[in-house]
Every structure is written in structure tokens, then in C-alpha cells.
Amino acid sequence: MPRWIVLRAEGQAEAFRYGVHRELEGTEAEALAAMLRIVDTFAEALSEAGRRRQRRQVFRVSERGYFVRVDNRMSVEEAHFTLAELIADTHADDLPATAGH
């Protein structure tokens, strides 16, 4: 079964920090659906009143990448989420050891 990670980049300009937000297994469609659930709930206000005051903007960067901006009354939170497929692993029998084969 294909393995995926959802990468999350946060920061501004050259100070972006990348990290693995979640690891997934499944088809590309399943992994993309899981990532979209993450995008849709990123920095979501905890209360209904907070969600009404909150502005959420989602930008598609690519078929597997989304930028999210959430504007709260006191702050703005932004993150770039990217879905990435595992294509090489030195310890997996079913994958090549290098990306170039």
C-alpha cells in the first residue's frame, strides 16, 4: 500500500520551517482526502462564535499542495500543506533504495 506524508511549512520569507504533520497509508485519493480534512480544520476556532468571526482562505498551489490563511481577531495563522509520496526506502523490499533507481 502506498505511503504518504503531509508536509507542513510555516513561517515567513526565508524563515519557513518544514515538518511532517501526519503520515498516511492508502491510495492517492484517500491520502488527498485526508490532507484536505487537515487543511479544512487548520487553526479552526474552538467555538461557533469564534468560527463566525474567523476568516479562512485556502489557495491551491498544485494538485497536492494548499496554502491556508486563517484570520482571527487577534492574529493571522498561515501554513502550506503538501502531500508527498514515499518513492524510495533503503529498508523496504518493495521500494528502490534511491529515487533515481
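The values are calculated or read from the model by the stated rules, or taken from the named source; none is laboratory data. Quick caveat: nothing in here was measured; it's all calculated off a predicted structure. Ideal geometry is used to build each Cβ from the backbone, glycine not excepted, and the neighbour counts take in all protein chains shown. All accessible areas refer to the heavy atoms of the entire protein, side chains included, with ligands and DNA or RNA removed. Shrake-Rupley method; radii C 1.70, N 1.55, O 1.52, S 1.80 Å.
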| query | How far is helix 28-41 tilted off the main Cα axis of the chain, in degrees rounded to 10, range 0 to 90? | reply | 20 degrees
| task | Counting only heavy atoms of the protein chains, get the accessible area per residue of region 2-64 (1.4 Å probe) and round it to a whole Å² value. | result | 72 Å²
| So what's the net charge close to L86: Lys and Arg +1, Asp and Glu -1, counting the other residues with Cβ under 10 Å from its Cβ? | -3
| Hey, what number do you get for the chain at 222 nm if only DSSP H runs of n ≥ 4 count, each worth -39500 (n - 2.57), divided across all residues, to the nearest 500? | -6000 deg cm²/dmol
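What does the charge count near L7 come to, summing +1 for each Lys or Arg and -1 for each Asp or Glu among other residues with Cβ under 13 Å from its Cβ?
Residues close to L7 contribute a combined charge of +1.
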| query | Measuring from the lowest to the highest alpha carbon on each principal axis, how far does the chain reach, largest first, in angstroms? | reply | 51, 31, 21
| said: What FRET efficiency comes out for V20 versus D71 if R0 is 41 angstrom and r is the Cβ-Cβ distance? Round to the nearest 0.05. | reply: 0.95
| Between L86 and residues 5 or more places away or on another chain, which pairs have amide H atoms under 5 Å apart, with H built 1.01 Å from N, and which residues are they? | R3, W4, I5
| remark: Rounded to the nearest 10 Å², the 1.4 Å probe accessible area of T90 is 100 Å²
| field | Neighbour net charge for G50 - beta-carbon separation under 11 angstrom, K R +1, D E -1 | value | +2
